[in-house]
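All of the numbers you see were taken from the coordinates with simple rules; none came from a lab. Note that this is a predicted model, so its numbers are computed, not measured. Don't worry about glycine lacking a Cβ; one is built from the backbone with ideal geometry, like all the others, and counts go over all protein chains shown.
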Amino acid sequence: MAIWPFRRSRAESDAARLLGAVTAASRNPALFGAGRVHDTLEGRFELMTLHAALALMRLQREPALEPLAQAFTDRLFRQFDAGLREAGVGDTSVPKRMRRMAGDFYGRLRAYADALSETGNGALADALARNVLGGHAPDFARELANYARTAAAAQAAAPVEALMGADGWPPLES
């Protein structure tokens, strides 16, 4: 007998699967290391933001996927909140940090979407260098821009279900 009598919605279960795939893609060891993204709380946030932005851009292409996009975003921010708490951020500081993270996230989503709409990777590499890499790895910023553009193109051509598995996230090509 189930204690909770309600079944989770399809959007909720798909959002959980999508968040798992986004998390796995953003934790790819090839993204971290010397001359790449620093393996810090900030570096992990930036990679989660990049991958979540790619997922949301794909979801936003189909208005019928709005419930999934909202459920995914809600889960993503609950994961950010939990990460702050696990990192030892005090309960009174979490809301302030979450507001700042939300602003950063939506600013980056806009910047990456705008850059991906342009021809070439110059604007995208600049945005990634500034946001993800703090200006310290311009060569990797170009590589990361190529990766993001390849992922966005593959995801645009694939059914949304592909995002929910490893196949929806192309490998980082060096």
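Sum up the charges of everything whose Cβ sits under 14 Å from the Cβ of GLU62, counting Lys and Arg as +1 and Asp and Glu as -1, but leave GLU62 out. Once all neighbours under 14 Å are counted, the net charge is -1. Report which label in (1) 16.6, 47; (2) 16.4, 57; (3) 15.9, 61 holds the value of Rg and Dmax of the Cα atoms in Å derived from the coordinates of this structure. Looking at Rg and Dmax of the Cα atoms in Å for this model, the match is (2). Put in order of Cβ neighbour count within 10 Å, fewest first, the listed residues THR40, THR49, THR150 become THR40, THR150, THR49.
So how strong a dipole does region 57-107 carry about its Cα centre when Lys and Arg Cβ are +1 and Asp and Glu Cβ are -1, to the nearest 20 debye? All intermediate terms of the calculation are to be shown ahead of the outcome.
Numbers: 9 positive and 7 negative charges, 28 e Å.
Once rounded to the nearest 20, the dipole reads 140 debye.
Each of PHE77 and VAL89 was given a label point 7 Å from its Cα along the Cα-to-Cβ line. The distance between the two points is 1.3 nm. Sort region 111-164 into rounded, prolate or oblate with this rule: let a ≥ b ≥ c be the square roots of the eigenvalues of the Cα gyration tensor; rounded if a/c is under 1.5, and if a/c is not under 1.5, prolate when a/b is larger than b/c, oblate otherwise. Here region 111-164 falls in the prolate category.
Please identify the helices of the chain, taking whole runs of DSSP H, that span at least 18 Å along their own axis as judged from the Cα atoms and have a mean Kyte-Doolittle score of -1.0 or higher. Both cut-offs are met by 10-26, 41-59, 66-86, 94-117, 138-157.
Take the Cβ atoms of ASN146 and ARG110, set R0 to 22 Å, and the FRET efficiency comes out at 0.60.
Applying a DSSP loop filter and a limit of 10 other Cβ atoms within 10 Å to the GluC sites (Glu not before Pro) in region 87-174 leaves GLU118, GLU173.
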